[in-house]
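Step one of this worksheet: look at the structure below.
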Amino acid sequence: MPGRSAIVCVDDDDMILVALKQELVEHFKGSYRIETAISAEEALSIMGELSEEGLRIPLVISDWLMPGMNGDEFLIAVKDKYPNTKAIVVTGYADMITVSKTRNKINLRGVITKPWDKNELIKKVETCLKF
Amino acid sequence: MSASNKSIRKLSLAGRLSAMVFLLGLLVYIPSSIYGACNNLRRSKTELIAYKNRLELRVKTAFEPAVWNYDTEMLRKLINAELGNENLKSVKVSTEDRTLIWITSENKETFDETAEPTGVYMDKHVIPIHRMDEPTQVIAYATVWFDNAPSRNKFFSMLVSEILVVGGILLVVSVSVNISSYIKLVRPTETIRKSMVEAGRSALIPAKEKIEKASFKKAFPEIQSMAADLEFMLDEIEKANKKVRESEAQFKAIFEQAGVGVAQFAASSGEYIVTNQRYCDITGYTQEEIKGLSFKAITYEEDVPVQLKHIDDLLSGNVRGFSFEKRYVHKDGRIVWAELTASPLWGPDEEPTSYIVVIQDITARKTAEEKIKKLNEELEEKVAERTLDLENTNCELEAVIEDLKTAQDKLISTEKMAVLGQLVAGIAHELNTPLGIINSAGGTMERILENDINMVIGFCDRASREVFETYIKLAKACADDEEKDNAYKRNKRKMYYSILEKNNMTISDEVIEKLVDIGYDADEEEFTELIKNPENTQAVKMAYSVITMQKSAKMIKVSAEKASKVIMALKLYAHKDTSGEQVAHDVIKDIEMVLTLYYNQMKYGVEIIRNYEEVPPVICFPDKLHQVWVNIINNALHSMDYKGRLIISVAKSHDKVLVSITDNGPGIPEHILHRIFEPFFTTKKLGEGTGLGLDIVKRILDEINGSIEVESKPGETTFKIWLRT
């Protein structure tokens, strides 16, 4: 197994996930493994498996409003377990994150609103991965 | 008079007692004395006869020798000896031819034949004297005279003396009985009687003195205890009297000083017997003036028949007292109001005697009442005036209400738009998501068409048959398959890497990634086969591009459908029907449309349970019915804070359709439950709601002949809506 890094995408809408994955795969070709999860719970379990495999997870791209575990709870859990993992939130309600009290408890590096602009998405993801 | 009569009778008691003793003595004595006297008489007679027989025998035997010998001397001796007996009066011894000797007890010796003793009780007896040697030959006769008088006299004198003695004794006994009964019975009884007479005259002290002064030592014990009892009784009466006197004094004080007027009336005439000072104060008459007057004289004319009726009831025993308010005419002519209470002084089964009346001056109260009544009347007039004003105002208001109704119709459609406004933010997101996908998928397709299509064409041209077949296989297999889940894909990836490691082969991660991503599902043999030919790498890339195109096209289609559904719901909701007619409408479709609008607000925390039965269409204004569901679902979601369970049931209920919407929120507090349908009533914060929602719901349901009910408890609030079909 190659010693690569992975980007994990979380959204309750599977088509969003497919679209996101297509964007990322298209851009990064094979340099990052792109994993998708339909819920925060699944994402955490995937992240567990990945780190067991020895993969680094430098970035998660997550929805904010989800049934079950919410975006903020998920990202708090991520910061708790993987302090080096950064987060980008993709949401239809950008203002909700701005007012969120949990803002400083998570490793948030960017917010992308739906529908997203492909260039803006890639730019933000690149920035996160570089720094 | 009666006392003296009694005294006479009492005095004769001792005499009667002694007379009774006397008569009783006689009654016992007389028969016994008669019996004794008879016995004596018989005994003296027997003795006399025995004596005569003995004399006759002695004469027959002793006299014969002397007669035979004519011995007179001897005869004399013999006769004198016999004459010692007092009964024997005279003895004559004679032969046939001559008298030998004749001796009497007085004359001694005589021959005078005429000197024969006489007397009432003289008994003459001739005794023949026979010859001793010749008993058949009578030689002489002895004539004897017996006198029975002495023994008879003796008997009678004895009898008389006996009677005298016994009579004396009886007399003494009866006298002593008389005396002792006087001392022991008559005198003490008389004292007691006199004392009682005194007591009867209420002279208790003299009565007691009489008892105390008299000595009862000699009286019978029963009389003694009677006297003691009387004395005790007198003491008790004295004590009781004292109490009576005290309470009388008290009563008199109360009666006179009472704060209420008290009067006693004769039952028969209705005249005053006695009144107290207060009664006089109230009526203005003095006690002397009022005595003998009838109540009618000082009662206000109109109240007389009323009181007479009450008194009739009282006299006939129908009531045991009465009470009413009446008017008196005061002596100075003014009217005095009084509250009168009457109670009879006779028992329930007794003849009416008199009754007591208590009156209280209530003139002040009555005056106040009059005043209040007058004020009330004035007030009523004023109220009537005001009512008229109000009626006028009401007419104006009705006109205003008519205007308001028109405004309300506008309000309903305005509220609809207000709700829409609140929904728009969420709906925008609901549209943004599919638009984002369409955008992204469009971009991907564009890129593939720009860059890869030529590669694909080139590949098809150049590829060997074998490689092309691999491509077709990959593209077809993966396109047919459903999207594989992530876990499965990860396992495949692991498997492929381990096969590579095992066979010591290498291939770019990109190829593996693409294989996994398109859902390539191969066993070890197939995978090794694929990897062996490096040209297959191109086939994988081509297949990936084509599949991605297909996927993107599918995503665009699905997302566009989603967006169009939302837009359709919005269009439906915002639609305003201008026909003004109610039409048949599918209620489930209507509810689903509203749920679509709310989907984005519910999908993160609300579980929706649909219990839909097949129901006939309902008759309604469809554009207004949406508002019913919107308001109720909106309230339900709000109360649950968008987390919980919403149960929507649609069922047939008789000839109607029943829609029940139940949430498991905290419920509506009981004290506001009855107010929730009021306009402008809201529990939401300022700006969150208009407070018109449920009011509008009710209005709409009224308009389409539907009805609504609500039941609420913590964890279960149900709105039930009936719609006609």
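The values are calculated or read from the model by the stated rules, or taken from the named source; none is laboratory data. No experiment lies behind these values; they were computed from the predicted model shown. Ideal geometry is used to build each Cβ from the backbone, glycine not excepted, and the neighbour counts take in all protein chains shown.
Tabulated values for the structure
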read-out: Residue within the range B:495-509 that is touching a residue at least 24 places away in the same chain (Cβ under 8 Å), within 8 Å of chain A (Cβ to nearest Cβ) and of a type outside the set (D, E, K, R) present; value: yes
read-out: Some residue of the range B:251-260 being of a type in the set (D, E), surrounded by fewer than 17 Cβ atoms within 10 Å (Cβ to Cβ), free of Cβ contacts under 8 Å to residues at least 24 places away in the same chain and out of contact with any Ser or Thr (no Cβ under 7 Å at 6 or more places or on another chain); value: yes
read-out: Residue count, the range B:540-584 (criterion: more than 16 Å from B:M445 (Cβ to Cβ) and within 14 Å of chain A (Cβ to nearest Cβ)); value: 6
read-out: Pairs where the first residue, in the range B:326-338, is loosely packed, with under 15 Cβ neighbours inside 10 Å and the second is assigned to a strand (DSSP E or B), C-beta under 6 Å, 6+ apart; value: B:I335/B:R327
read-out: The range B:300-324 residues that are over 19 Å from B:S354 (Cβ atoms), paired with ones that are surrounded by 13 or more Cβ atoms within 10 Å (Cβ to Cβ) and among the polar types (S, T, N, Q) (beta carbon under 8 Å, 6 or more apart); value: B:F324/B:Q307
read-out: B:T363 vs. criteria of a type in the set (S, T, Y) and within 33 Å of the chain's Cα centre (by Cα); value: no
read-out: Residue within the range B:413-430 that is aliphatic (A, V, I, L, M), without any contact (Cβ under 8 Å) to a residue 24 or more places away in the chain and more than 25 Å from B:F621 (Cβ to Cβ) present; value: yes
read-out: B:F677 being modelled with pLDDT of 85 or more, outside any helix (DSSP H, G or I) and among the hydrophobic types (A, V, I, L, M, F, W, C); value: no
read-out: Test: residue in the range B:342-360 that is assigned to a loop (DSSP other than H, G, I, E, B) and either small (G, A, S) or touching a helix residue (DSSP H, G or I) at 6+ places or on another chain (Cβ under 7 Å) (or both); value: yes
read-out: Test: residue in the range B:683-699 that is over 22 Å from B:L595 (Cα atoms), at pLDDT below 90, touching a helix residue (DSSP H, G or I) at 6+ places or on another chain (Cβ under 8 Å) and in a loop (DSSP other than H, G, I, E, B); value: yes
read-out: Set B:A479, B:A475, B:A463: member being crowded, with 19+ Cβ neighbours inside 10 Å, more than 30 Å from A:E52 (Cα to Cα), more than 10 Å from every other protein chain (Cβ to nearest Cβ) and modelled with pLDDT under 80; value: B:A475
read-out: Condition check for B:K492: in contact (Cβ under 8 Å) with a residue 12 or more places away in the chain, within 10 Å of chain A (Cβ to nearest Cβ), in contact with a helix residue (DSSP H, G or I) (Cβ under 6 Å, 6 or more places away or on another chain) and not hydrophobic (A, V, I, L, M, F, W, C); value: no
read-out: Yes/no for A:L24 being closer than 21 Å to B:M495 by Cα and part of a helix (DSSP H, G or I); value: no
read-out: Filter result (closer than 16 Å to B:V697 by Cα and of a type in the set (S, T, N, Q)) within the range B:399-415; value: B:Q408, B:S413, B:T414
read-out: Subset of the range A:29-46 [within 11 Å of A:A6 (Cα to Cα), out of contact with any strand residue (DSSP E or B) (no Cβ under 6 Å at 6 or more places or on another chain) and more than 7 Å from chain B (Cβ to nearest Cβ)]; value: A:S31
read-out: Per-region count, the range B:130-162, residues loosely packed, with under 14 Cβ neighbours inside 10 Å and of a type in the set (A, V, I, L, M, F, W, C); value: 5
read-out: Those residues of the range B:74-99 which are surrounded by fewer than 22 Cβ atoms within 10 Å (Cβ to Cβ) and part of a strand (DSSP E or B), in sequence order; value: B:L88, B:S94, B:T99
read-out: Total residues in the range A:1-24, condition β-branched (V, I, T) and either in contact with a Lys or Arg (Cβ under 6 Å, 6 or more places away or on another chain) or facing chain B (nearest Cβ under 7 Å) (or both); value: 2
read-out: Boolean, B:V615 is in a loop (DSSP other than H, G, I, E, B), more than 28 Å from A:D11 (Cα to Cα) and of a type in the set (A, V, I, L, M, F, W, C); value: yes
read-out: Residues being assigned to a helix (DSSP H, G or I) and either β-branched (V, I, T) or within 7 Å of chain B (Cβ to nearest Cβ) (or both) - total across the range A:50-76; value: 1
read-out: Which listed residue is over 26 Å from A:V25 (Cα atoms), touching a residue at least 12 places away in the same chain (Cβ under 8 Å) and either out of contact with any Leu (no Cβ under 7 Å at 6 or more places or on another chain) or of a type outside the set (S, T, N, Q) (or both), from B:A539, B:A543, B:A569; value: B:A569
read-out: Extreme residue, surrounded by the fewest Cβ atoms within 10 Å (Cβ to Cβ), among residues of the range B:563-581 that are touching a helix residue (DSSP H, G or I) at 6+ places or on another chain (Cβ under 9 Å) and assigned to a loop (DSSP other than H, G, I, E, B); value: B:K576
read-out: Failed criterion for A:K86 (all others in (1) more than 24 Å from B:S508 (Cβ to Cβ); (2) surrounded by fewer than 16 Cβ atoms within 10 Å (Cβ to Cβ) hold); value: (2)
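Here's the yes/no breakdown for (1) touching a residue at least 40 places away in the same chain (Cβ under 8 Å); (2) out of contact with any helix residue (DSSP H, G or I) (no Cβ under 6 Å at 6 or more places or on another chain); (3) among the β-branched types (V, I, T):
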| residue | (1), (2), (3) |
| --- | --- |
| B:M602 | yes, yes, no |
| B:G605 | no, yes, no |
| B:P622 | yes, yes, no |
| B:K643 | no, yes, no |
| B:I668 | yes, yes, yes |
| B:H674 | no, yes, no |
